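The values are calculated or read from the model by the stated rules, or taken from the named source; none is laboratory data. These numbers come from a predicted model, not from an experiment. We place every Cβ from the backbone using ideal geometry, glycine too, and count neighbours over all the protein chains shown. Just so you know, the surface numbers come from the protein's heavy atoms only, side chains and all, with ligands and any DNA or RNA stripped out. Shrake-Rupley method; radii C 1.70, N 1.55, O 1.52, S 1.80 Å.
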Amino acid sequence: MNGFLNTLVDIFREPSVIIGLIALLGLVLQRKSASDTLKGTIKAFVGFLVLAAGAGVVSGALTPFGDMFQHAFDVQGVVPNNEAIVGTVLTDFGTQAALIFFFGMVVNVLLARFTRLKYIYMSGHVALYLAAMTAVILMANGFESWEAVLWGSLAQGIVTTVSPALVQPFMRKVTKQENVALGHTGNVGIATSGWVAKLTKGDAAKSTEDLKIPSGLGFLRDTTVVIALSMGVIYLLVTLIAGPGYVESELSGGQWFVIWAIMQAGMFAAGVTIILAGVRVVLAEIIPAFKGISQKLVPNAKPALDVPIVFTFAPNAVLIGFLASFAAGLIGMGVLAAVGGTIIIPGIVAHFMTGGASGVIGNAVGGRRGAVLGSIANGLLITFLPLLILPRLGDVGLANSTFSDADFGVAGFLVGNAANWGHIAVIVLVLGSLVGVLVGSALVDRREKRNAPPADEAAPEQETQPVS
């Protein structure tokens, strides 16, 4: 019996096996053929191993960069990059993260079914990253695995249900429809861009799409190219400041510092590409199962999709938003350097994705001014919010990367501080938030029913028509 239990523990200790079993469950529930079930399970299992391999590549590129940055500026430099930090987290807390990810989706579907927030969070990759952050915060603060999974899943489900609702009023202005929502861990920053655009009273008629952007800058819309080029520039600059002699004697093993810097930037971009490929393979097997189930369980459900869903509505705003957000990140980095302590180096992926979406939202609400100022607000948020969660990540927080998007900062700050106060504080926070969502939804329903005109007043003519 003990041998069987030990074997079971060994199985569930491997995150890749957990992911494979989740995919297997989804495929069986869909009544897929034996061939499709076997194929999907194996692809999910292997996809997670691909993700882990990519995480190793990214970690290998960031480690010497952190040493070099600290030598150059005598401070700790942290690059907000979800793929990099998630790879580190999943190495130690992959099982808990996988279970929080799975049961968090269940909570999201249940909340969508029984509340007014009919949003099914379909951006599985960032949901996985959110689960990883929740897992490491709870585990680093002394929670048992089952406790981390229980409270983490509830927290995950609440965030993924409420987050799309923050952006939905602005999404209506962008898409001119109601049947799609935005599901991303940058939603707090993206919604902030809409609020800033509204407050600054920009003219929505003066759209960014009336501007002519040189076709030569089209390469900035390719994430892999942007990461490789930007990280190449950053590596080279920091290498020059640290000193070629230091790099060649301590880090590169005698290799010419320019080639070494270019290779490290390329390895970072390659690692991110590998991770994204692994995530796509994993989610391709899990998300379709949940999509079909959720559509049957949640009438009038709205899929909350990843940020590229808005890019086609205002391509110029995407580029403007990225540049404005990144500029704000550089300003924020300068402020942090001036005051001393940990420096948040602008994360290219975060500024491109959330900055681009902020540009689109800001443009829809306040035109060019809204696109620029809204994206700047997002850029400042994702520069300073990561500082709030670094102390709550345990040993992982000492790494040279961290979670980047605004939702991570807000949710991580709340859960992390509650965990720091004690287990009871986390339970109160999670259950209080859950009750708030349920009660708030019920109150809005009641108010709408009370304000709705009676049926005999709403359609008196129909009731007086003769029946043929």
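Kindly establish whether Gln295 is modelled with pLDDT of 80 or more, assigned to a helix (DSSP H, G or I) and either open to solvent by less than 60 Å² (accessible area, probe 1.4 Å) or under 26 Å from Gln168 (Cα atoms) (or both).
On the way: modelled with pLDDT of 80 or more: no; assigned to a helix (DSSP H, G or I): yes; either open to solvent by less than 60 Å² (accessible area, probe 1.4 Å) or under 26 Å from Gln168 (Cα atoms) (or both): yes.
No: the conditions fail for Gln295.
Among the residues of the stretch 227-235, at least one is part of a helix (DSSP H, G or I), open to solvent by 30 Å² or more (accessible area, probe 1.4 Å) and of a type outside the set (Val, Ile, Thr). Is at least one residue of the stretch 62-73 modelled with pLDDT of 75 or more, acidic (Asp, Glu), open to solvent by less than 80 Å² (accessible area, probe 1.4 Å) and part of a helix (DSSP H, G or I)? Within the stretch 62-73, none of the residues are modelled with pLDDT of 75 or more, acidic (Asp, Glu), open to solvent by less than 80 Å² (accessible area, probe 1.4 Å) and part of a helix (DSSP H, G or I). Candidates Val365, Val339, Val335: the one that is out of contact with any Ser or Thr (no Cβ under 9 Å at 6 or more places or on another chain) and either on the phi < 0 side of the Ramachandran plot or crowded, with 24+ Cβ neighbours inside 10 Å (or both) is Val339. The single residue among Val126, Val86, Val106 that is β-branched (Val, Ile, Thr), in contact (Cβ under 8 Å) with a residue 40 or more places away in the chain, open to solvent by 10 Å² or more (accessible area, probe 1.4 Å) and farther than 22 Å from Glu250 by Cβ turns out to be Val106.
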